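Values quoted throughout were computed directly from the atomic coordinates according to the rules given, and no laboratory measurement underlies them. Just so it is clear, the structure is predicted and the values come from calculations on it, not from any experiment. Here the Cβ positions follow ideal geometry from the backbone for every residue, glycine too, while neighbour counts run over all protein chains shown.
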Amino acid sequence: MKNSLLILMSLFLINCTSDDSKPKEENSKLLGKWKIIEQLMDPGDGSGTFTSIDSNRIIEFFSNGTITVNGILCYASIEEGTSNSGTYSATTGNDIDGEIIPSDCSSGGTKVFYKIEGSNLILWYQCIEPCGQKFEKLTN
């Protein structure tokens, strides 16, 4: 009986390990401040491209899974001023690296998806037509 219990517990412990290396590596790239440099607003025919913009919009990712932004996070905006916050988590698949859940949106269930491409962070918003924002890293 003791041997059976010991074997069961050993199997349980072996199966409960996880490989967190990708999220930790990804989070280390993500942590810090990012400044918006471009915005994409597609007119509905797929011809939209990222266009340079002048804004001091900053988003900051913290190691505890929270974010802050000096503007609105619920939709693609370059406005600055009001501080918003939310949480983020890494995901796999669907050609994204993770999702952000803003805490201050009037409509529940709002999500912003993110992807790190090279040295840029791209936020994809839930729009009828493609809309996104590209950021460059400021600090770690």
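A compact table of results
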{"item": "Enumeration of residues in the stretch 59-91 that are of a type outside the set (Gly, Ala, Ser) and touching a residue at least 40 places away in the same chain (Cβ under 8 Å)", "result": "59, 75, 78, 88"}
{"item": "Counted residues, the stretch 81-105 - those being under 26 Å from residue 43 (Cβ atoms) and exposed (fewer than 14 other Cβ atoms within 10 Å of the Cβ)", "result": "2"}
{"item": "Test for residue 53: is it surrounded by fewer than 17 Cβ atoms within 10 Å (Cβ to Cβ), without any contact (Cβ under 8 Å) to a residue 40 or more places away in the chain and of a type outside the set (Ser, Thr, Tyr)", "result": "yes"}
